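Participant: Take a look at this one; I'll ask things after.
The values are calculated or read from the model by the stated rules, or taken from the named source; none is laboratory data. All of these numbers come straight from a predicted model, not from anything done at the bench. FYI the Cβ positions are ideal-geometry reconstructions off the backbone, even for glycines, and counts take in every protein chain you see.
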Amino acid sequence: MKTFVYITLLFLLGVAYAQTPVPAPPQSKPIALTGATAHLGNGQVINNAVVAFDKGKLTIVAPASSNPNLSGYEVINVSGKHIYPGFILPNSQVGLQEVTSIRAMNDFQERGEMNPNVRALIAYNTDSEFIPTFRFNGVLLAEATPTGGTISGTSSVMEMEGWNWEDAAHSIDIGIHMNWPSMMRRQFDFNTFTFSEQANNEYDKQVTELHQFFTEAKAYGQQAARETNLKFEAMQGLFDGRKILFIHAGSPKEIVESVRFAQRQGVQKITLITGTSAVWVADFLKENNIPVIIQDTHNLPDRIDDDIDLPFRAPYLLHQAGVQVSLFCAGALHNGRNLPFFAGTAVAYGMDKEEALKTITLNTAKALGIDKRVGSLEVGKDATLFVSEGDALDYRTNNLLMAFISGKRITLSGNQQELYERYSRKYGQMK
Amino acid sequence: MKRLLLVLLLALAMPLAAQETFPRNDVKDPRAGLFAFTNATVVVDAQTTLNNATLLVRDGKIEQVGTNISVPRGYAVYDLKGKYIYPAFIDLSSYYGLPEVQRPRGGGFSGVEQIQSNTKGAYNANQAIRSHYNAADEFTINNKSADELRKAGFGAVLSHKPDGIARGTGAFVTLGETSDNQVMLRQKAAALYSFDKGSSTQNYPSSLMGCIALLRQTYLDAEWFGSHNPRPFADNSLEAWIQNQKLPQIFEANSWMNILRADKVGDEFGVQYIIKGGGDEYKRINEIKSTRATLIVPVNFPDAYDVEDPLDAARVSLAEMKHWELAPTNLAALEKAGIPFVITANGLRRVADFIPNIRKAMEYGLSEGAALKALTATPAQLIGMDNQIGSLKKGMIANFLITSGKIFDEKTIIYENWIQGKPYSIKPLDTKDFSGNYQLSVGETNYVLEVSGEAGAHKAKVKLNDTTSVDATATFKENLITLSFKPSPKESGTIRLSGWTENNGWKGKGQLVNGQWVNWSATRTGDVKSNTAGRAGAQDKKTPEVGKVIYPFIAHGYPSLPVAETMIIRNATVWTNEAEGILQNTDVLIKDGKIARIGKNLSEPGAKIIDGTGKHLTPGIIDEHSHIATASVNDVATNSGMVRIGDNIDAENINVYRALAGGVVAVQILHGSANPIGGQSALVKLRWGEAPENYKIQGADRFIKFALGENVKRTANANSIRYPQTRMGVEQVYMDAFTSALEYKKKWDAYNSLPAKEKATAIKPRRDLAEEAMLDIINKKLFITCHSYVQSEINMLMKVAEKFNFRVNTFTHILEGYKVADKMAQHGVAASSFADWWNYKWEVRYAIPYNAAILTRAGVLTAINSDDAEMGRRLNQEAAKTVKYGGLSEEEALKTVTLNPAKMLHLDNQMGSIKVGKSADVVLWTDHPLSVYAKAEKTIIDGKVYFDIEKDAQNRKEQEAERARLIQKMKDAKRAGAPTQRGEGRSQVMFHCEDVLGVEFDDHDH
């Protein structure tokens, strides 16, 4: 009901949208949020906190009892509410995809196998209608990620706010996404109406091609005189640590093979993107210090025999094994707005609440190499945060009252709220 | 040798009367075909064995058999002392001698649709109805296959072409090689059917349930067609169908669930099929028995899986492992249950495995008599040929086997397979037994020669002195021997001997290592000492230990089904969905499957007490839109109203258990959205472990799926030619269907109102199951759940319904329902929506998560559904979104997945709320049911606990142990030399609306 009132208020103020909401201006004065429970994203909680920021950066994150100096701050009392760092959706096609089934609206998959040079950033559409729906639930940052081929391209982290892609870019060209070949091929059997897996006879060949590509790219970097190769230029960041190699791998054996491959190629930073199979090689991942982004909890088990709650429990099991784990949305893009609830489900199946929060905040920031600026509420980091009526990981209480991206107070409603308003009025449901 | 030669000669020129009409290219060579087999053990049939008996054959038939028969003069005599004669086997499920079926490739729905049959000529409207086909027209002897089958003991087969749903007739042929004319014993011996459309390229049917619907309609069509004289038009297929009804009716089902499905179709039309199964009948022996069908059962036991690598072994499911272990127990289980069966070699990769597999089945308890009967008398009887074949009585066709011993004994050799009085040699009949010890003298040197093993497979060893012996290479023929060995183990040269058989050994010439020629001889001195107990122990063998059958037969099944319990859930927060609202600290008594009492401090003698403190008890979740537990989801005819999901419930679907664990008790299994008029739904409760029929909610109203918009326009298929291609056309499909249904009614009304006299002679109109479905809708006996998105089409269907004076029951998806909520309320239609899905295709661009709230407030009965096995197992969470978006009260929200769908499905008199007298379909949650933190602890249906979080944890441990046991057993089998196969990682299909033939399009394209 509160959202309802809030939206109504916006309308009374004459804020109606036929388009996506107008981007907010930069933070003009220091703001202090007081009285709320602050979930820092790093595992800590501050009750009755003061969270203050200026020029887009956090200046105070402290208990009220420490009596911080708030002179000059616009103080907003949010007692009884909860403050969170903005949630981060990694490995998504946000801004690159609109109506999935319409080819003209898809800009996330370039043709060809080796595309390290294609950059998600420049196709990113700030006016995507998915964006307001993400923000509405607390997702304030997302990685725009190319897909397809063997090396899909280069991703960037985007703020869910901005006039254009340059404006919205948070961290440009953070890494390259590689799809590790599958050892098995899935085949549909019309006789039994089941899928079966057959060995992929091309596997060794595909791995050899990758090996060739990486070794030549590395050699290219050491050549004094060379003709510019855009693909190899894009690859250099992997060897000098400027870019992360995001490995997409499926089965436990593929995980091991792909990580070993990247290590041998001299890749400096590796993040693994996978499913529940990570659970079987958790020790390997821990020993090799590989951050893992796994498919969200709202998935079915891969196999009939799997424990029915395996996808729900997988983040907990990995965390227990000492692996740094975060979540991506494996389903359709529109489901990205349910990111907080993916983490909430992990709580129901064993994970500590603040630990689960990390899987969509600080752990994600680390896996994307952006934790110096975002992922937790710490002084000096971006003021990218929101205030929720209650526990933001639960459906019952995830209800955003206000949100800030780099200190800019953003509009939370969008077209969906506008349509809600329009038709509620039509039927006289809105009092 | 002489006999062999004779056999060969006979084979070349056996005269049979049938060949009289053929031109001769030689002098006449008339033969009487008189054979006498004496001193044999003759197994006349499974009940009768004659010792020391004589069998006389005359002209391909058995002339006499008995113990007191003297052989008249003029018979070629075979002395079979110590040997056995058995009737040759009969296989009723064979494709022998027929061309292979050309199947169209692939599935999916991306090509140009073929709406009509493309069979040229006056044949059936559906290409898969091939009742006009006769195997006899195409049959020709195939020497290679015949040889394989004869070696496995077969003498005759019922051969048919596995093509089509009605496959026409099969021919009963022997496995002789004389001529096509002579081996064919009966041209039309049976009519055959299946659920496989074979070579048909026509779109309909494209699903299992479509195949069933087509069969049903064809029975009706044939009846109508046959009632006309003259016929209304020519249809060679229906004509043949009518004729074929007089024959034995055989259905190739290939799995236990399909056996039940086929039998049910038969029951509807008074046909008892003989049904070919899949060898997995042991999984549901009681249900199989209740069909009263005689089964044709394969013995294609799977190879062990290669499970050396534990990560790879994870691909092999528990069900596959258990089937590997239990498949050999199948025939014994059928025998024990008293289910009549015959055995087929069909499905074996190597026909040579046939007898070894029968033997294996016997190790697991199949009796010899039952095996023999199932291969001889019963199959003959089933096709009405038992007066000619299947036993060795006087006058029968001379199809028999000559063996060295009891047919299924491990060491038994089949020497000859006689077919129609003509021998086909497998192993030389006169193989002499040379086993024994011999004194071997080669020139001046003496050795001991030891010949061991069975006749025909002897091994030889030469003892050089008391401590050293060497293996010898030897071939033993009746008259000749070749033998070579090393005179010293260290030497590379050999002594090579060639010789001839004498009374008590051999004599001959040989060459020593240095090339010197010598004379040699071997004289028998006595028997070889056997070093094992040999076959004596065979009968003491215990039946091997095997694991339990679980229900259903996949991982997460249980060895037993839950029973209704009397229980009190004590001190819970009870969401009644009734006027009482949410009751705190309340007890609920469940008894006899019903909610018996609600109150405080309840007591009931014998009741189990379940502590509900801090927990929430809610009515079980009902998913108005689901595609779990069905073997197929979409057929493709524009009007598929005759198709019924209920015909193909899948009782082995893992998503049922996953949904139970999410508190779901019942679902409407809907047909997909590939067509404006889809198939009829099944309303089921998730009775995990039960047989398919027991899933169904008895007495429930019938529902049918309609669909609008992009899917039915085939938007995703750029090549589609199917009508309709626009929303304008979609409306016309409905106008046409309902208009036509009224015409159909008129025809029947006219017929039914005829005076009795006229009616007796009048021809009944044709029954059309699609028309009847439309009429049932108009008559409010069948209710529409319509897949819909945009406001124009929603409005349209309501107007069509109003024109025909009925109401649409439910719009499902209905994502733009909020735009016409007032009209929907006025029409009285319900809405069943997604909580927050949108933008995956154009028609859902303006879907909003506030839809349910707006509709509810506008007075539309509203539910939240899944259409997806993943969302389907956390519908409580989806319901919670209606609070977040649009602010429904928490009680209203819970109702969107319980009481409201119950009302839509007309089940609210028995489900959907916690009310005394209603069915005990409830869920105990660990937490507030709308919270992301809530887990279902117990899911109860009919007062039976179908999901229990504790029991689940226990079962995981047990199944882990069971897997470990089976993995060890497979490793042992591999080490012992058993062939293995690689695990294929089979996984079940998760269906969505859009899926045709199980192929998933895009991501969740609903």
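Participant: Restricting attention to the stretch B:544-566, which residues are touching an Asp or Glu at 6+ places or on another chain (Cβ under 7 Å) and more than 14 Å from chain A (Cβ to nearest Cβ)? If you could, list the steps in order and put the result at the bottom.
Facilitator: Taking the stretch B:544-566 as the starting set, the residues that turn out to be touching an Asp or Glu at 6+ places or on another chain (Cβ under 7 Å) are B:544, B:546-547, B:552-555, B:561, B:564, B:566.
Residues satisfying the conditions are B:544, B:546, B:547, B:561, B:564, B:566.
Participant: For a quick check of your reading of the model, give me the residue pairs whose first member lies in the stretch B:423-446 and is without any contact (Cβ under 8 Å) to a residue 24 or more places away in the chain, whose second is of a type in the set (Gly, Ala, Ser), with beta-carbon atoms closer than 9 Å and at least 6 apart or on different chains.
Facilitator: Qualifying pairs under 9 Å: B:433/B:455; B:433/B:456.
Participant: From the list B:831, B:847, B:852, exactly one residue is crowded, with 24+ Cβ neighbours inside 10 Å, among the aliphatic types (A, V, I, L, M) and at the interface with another protein chain (Cβ under 9 Å from one of its Cβ atoms). Which is it? Working first, answer last.
Facilitator: Details: B:831 fails: at the interface with another protein chain (Cβ under 9 Å from one of its Cβ atoms); B:852 fails: at the interface with another protein chain (Cβ under 9 Å from one of its Cβ atoms).
Testing whether each residue is crowded, with 24+ Cβ neighbours inside 10 Å, among the aliphatic types (A, V, I, L, M) and at the interface with another protein chain (Cβ under 9 Å from one of its Cβ atoms) leaves just B:847.
Participant: Let me ask something additional. Just checking, how many residues over the stretch A:398-429 are farther than 26 Å from residue A:56 by Cβ and either part of a strand (DSSP E or B) or touching an Asp or Glu at 6+ places or on another chain (Cβ under 7 Å) (or both)?
Facilitator: 2
Participant: Pick out the one residue from B:97, B:74, B:82 that is at positive phi, surrounded by 15 or more Cβ atoms within 10 Å (Cβ to Cβ), part of a loop (DSSP other than H, G, I, E, B) and at pLDDT 85 or above.
Facilitator: Exactly one of B:97, B:74, B:82 is at positive phi, surrounded by 15 or more Cβ atoms within 10 Å (Cβ to Cβ), part of a loop (DSSP other than H, G, I, E, B) and at pLDDT 85 or above, namely B:97.
Participant: List, please: which pairs have Cβ atoms under 6 Å, are six or more places apart or on different chains, and start with a residue in the stretch B:731-751 that is assigned by TED's automatic domain parsing to the domain that holds residue B:779 and more than 15 Å from residue B:707 (Cα to Cα) and end with one that is in a helix (DSSP H, G or I) and modelled with pLDDT of 95 or more?
Facilitator: That search, which allows pairs on different chains as well, returns B:738/B:774; B:741/B:771; B:741/B:774; B:741/B:775; B:744/B:771; B:745/B:775.
Participant: Could you please find all residues in the stretch A:394-417 being away from every other protein chain (no Cβ under 11 Å) and not small (Gly, Ala, Ser)?
Facilitator: A:401, A:402, A:404, A:405, A:408, A:409, A:410, A:411, A:412
Participant: Let me ask something else. When the stretch A:302-324 is examined, which residues are found to be modelled with pLDDT of 95 or more, within 24 Å of residue A:259 (Cα to Cα) and within 12 Å of chain B (Cβ to nearest Cβ)?
Facilitator: Selection gives A:310, A:311, A:313.
Participant: Provide a single number: the residues in the stretch B:937-956 that are of a type outside the set (Val, Ile, Thr) and within 11 Å of chain A (Cβ to nearest Cβ). Before the answer, list the steps.
Facilitator: Restricting attention to the stretch B:937-956, the residues satisfying the condition of being of a type outside the set (Val, Ile, Thr) are B:937-938, B:942-944, B:946-948, B:950-956.
If we keep only those that are within 11 Å of chain A (Cβ to nearest Cβ) too, we end up with B:947, B:952-953, B:955-956.
Residues in the stretch B:937-956 being of a type outside the set (Val, Ile, Thr) and within 11 Å of chain A (Cβ to nearest Cβ): 5 in total.
Participant: Please identify the pairs in which a residue from the stretch B:449-467 that is without any contact (Cβ under 8 Å) to a residue 60 or more places away in the chain has its Cβ atom under 6 Å from the Cβ atom of a residue that is among the small types (Gly, Ala, Ser) and not in a strand (DSSP E or B), counting only partners at least 6 apart or on another chain.
Facilitator: Going by the 6 Å Cβ cut-off, the qualifying pairs are B:459/B:453.
Participant: Kindly evaluate residue B:895 against the criterion of being surrounded by 24 or more Cβ atoms within 10 Å (Cβ to Cβ) and either within 30 Å of residue B:599 (Cα to Cα) or more than 9 Å from every other protein chain (Cβ to nearest Cβ) (or both). Reasoning before the result, please.
Facilitator: Details: surrounded by 24 or more Cβ atoms within 10 Å (Cβ to Cβ): yes; either within 30 Å of residue B:599 (Cα to Cα) or more than 9 Å from every other protein chain (Cβ to nearest Cβ) (or both): yes.
So residue B:895 passes the test.
Participant: Just one of the numbered conditions (1) within 11 Å of chain B (Cβ to nearest Cβ); (2) acidic (Asp, Glu); (3) touching a strand residue (DSSP E or B) at 6+ places or on another chain (Cβ under 9 Å) is not true of residue A:382; which one?
Facilitator: (1)
Participant: If only one of A:344, A:336, A:331, A:350 is at pLDDT 95 or above, in a loop (DSSP other than H, G, I, E, B) and not hydroxyl-bearing (Ser, Thr, Tyr), which one is it? Spell out the reasoning first.
Facilitator: Numbers: A:344 fails: in a loop (DSSP other than H, G, I, E, B); A:336 fails: in a loop (DSSP other than H, G, I, E, B); A:331 fails: at pLDDT 95 or above.
Selected residue: A:350, the only one of A:344, A:336, A:331, A:350 that is at pLDDT 95 or above, in a loop (DSSP other than H, G, I, E, B) and not hydroxyl-bearing (Ser, Thr, Tyr).
Participant: Next up: Pick out the one residue from B:244, B:203 that is within 30 Å of residue B:373 (Cα to Cα), of a type outside the set (D, E, K, R) and not assigned by TED's automatic domain parsing to the domain that holds residue B:635.
Facilitator: Working: B:203 fails: within 30 Å of residue B:373 (Cα to Cα).
Only one candidate qualifies: B:244.
Participant: Please verify whether the stretch B:712-725 includes one or more residues that are at negative phi, more than 40 Å from the chain's Cα centre (by Cα) and touching a residue at least 60 places away in the same chain (Cβ under 8 Å). Walk me through how you get there before you give the answer.
Facilitator: Here is the first cut: in the stretch B:712-725, the ones at negative phi are B:712-713, B:715-725.
Imposing the further condition that a residue be more than 40 Å from the chain's Cα centre (by Cα) reduces the set to none.
Looking for residues that are at negative phi, more than 40 Å from the chain's Cα centre (by Cα) and touching a residue at least 60 places away in the same chain (Cβ under 8 Å), one finds none in the stretch B:712-725, hence no.
Participant: Looking at the stretch B:912-922, is at least one residue free of Cβ contacts under 8 Å to residues at least 12 places away in the same chain and either surrounded by fewer than 24 Cβ atoms within 10 Å (Cβ to Cβ) or within 14 Å of chain A (Cβ to nearest Cβ) (or both)?
Facilitator: Looking only at the stretch B:912-922, we keep the residues that are free of Cβ contacts under 8 Å to residues at least 12 places away in the same chain, and these are none.
Taking every residue of the stretch B:912-922 in turn, none turns out to be free of Cβ contacts under 8 Å to residues at least 12 places away in the same chain and either surrounded by fewer than 24 Cβ atoms within 10 Å (Cβ to Cβ) or within 14 Å of chain A (Cβ to nearest Cβ) (or both).
Participant: Name every residue in the stretch B:66-87 that is aliphatic (A, V, I, L, M) and over 12 Å from residue B:35 (Cβ atoms), in order of residue number.
Facilitator: If the condition is that a residue be aliphatic (A, V, I, L, M) and over 12 Å from residue B:35 (Cβ atoms), then B:69 is the only one that fits.
Participant: For residues in the stretch B:701-720 being closer than 20 Å to residue A:101 by Cα and of a type in the set (Val, Ile, Thr), which is farthest from the other protein chains (Cβ to nearest Cβ)?
Facilitator: B:712
Participant: Looking at the stretch B:319-342, which of its residues are out of contact with any helix residue (DSSP H, G or I) (no Cβ under 6 Å at 6 or more places or on another chain) and within 14 Å of chain A (Cβ to nearest Cβ)?
Facilitator: Selection gives B:319, B:320, B:322, B:323.
Participant: Here's a follow-up. Where in the stretch B:797-874 are there strands (runs of 3 or more DSSP E), lying fully within it, with 3 or more residues that are within 38 Å of the chain's Cα centre (by Cα)? Please lay out each step first, then the result.
Facilitator: Details: elements: B:810-813, B:830-833, B:862-864.
Hits in the stretch B:797-874: B:810-813.
Participant: Can you name the condition, by its number, that residue B:826 falls short on among (1) within 14 Å of chain A (Cβ to nearest Cβ); (2) closer than 28 Å to residue A:395 by Cα?
Facilitator: (2)
Yes/no per residue for (1) modelled with pLDDT of 95 or more; (2) closer than 21 Å to residue B:895 by Cα; (3) within 14 Å of another protein chain (Cβ to nearest Cβ):
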residue	(1), (2), (3)
B:595	yes, yes, no
B:602	yes, no, no
B:621	yes, yes, no
B:630	yes, no, yes
B:634	no, no, yes
B:639	yes, no, no
B:642	yes, no, no
B:653	yes, no, yes
B:661	yes, yes, yes
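Participant: Of (1) within 25 Å of the chain's Cα centre (by Cα); (2) at positive phi, residue B:653 satisfies all except one. Which?
Facilitator: Going through (1) within 25 Å of the chain's Cα centre (by Cα); (2) at positive phi one by one, residue B:653 breaks only (2).
Participant: In the stretch B:148-177, which residue that is in a strand (DSSP E or B) and among the β-branched types (Val, Ile, Thr) is surrounded by the most Cβ atoms within 10 Å (Cβ to Cβ)? Spell out how you get there, then give the answer.
Facilitator: Restricting attention to the stretch B:148-177, the residues satisfying the condition of being in a strand (DSSP E or B) are B:154-159, B:166-174.
Now narrow it down to the ones that are among the β-branched types (Val, Ile, Thr): B:157, B:169, B:173-174.
Details: B:157: 29, B:169: 27, B:173: 27, B:174: 26.
Only one residue tops the list, namely B:157.
Participant: Tell me, yes or no, whether the stretch A:355-363 has at least one residue that is of a type in the set (Lys, Arg), within 11 Å of another protein chain (Cβ to nearest Cβ) and either touching a strand residue (DSSP E or B) at 6+ places or on another chain (Cβ under 7 Å) or in contact (Cβ under 8 Å) with a residue 24 or more places away in the chain (or both).
Facilitator: The answer is no; no qualifying residue exists.
Participant: Go through the stretch B:603-680 and tell me which strands (runs of 3 or more DSSP E), entirely inside it, have 3 or more residues that are under 24 Å from residue B:698 (Cβ atoms). Can you show your working first?
Facilitator: Values: elements: B:608-611, B:616-619, B:621-626, B:664-669, B:677-680.
The strands (runs of 3 or more DSSP E) meeting that bar are B:621-626, B:664-669, B:677-680.
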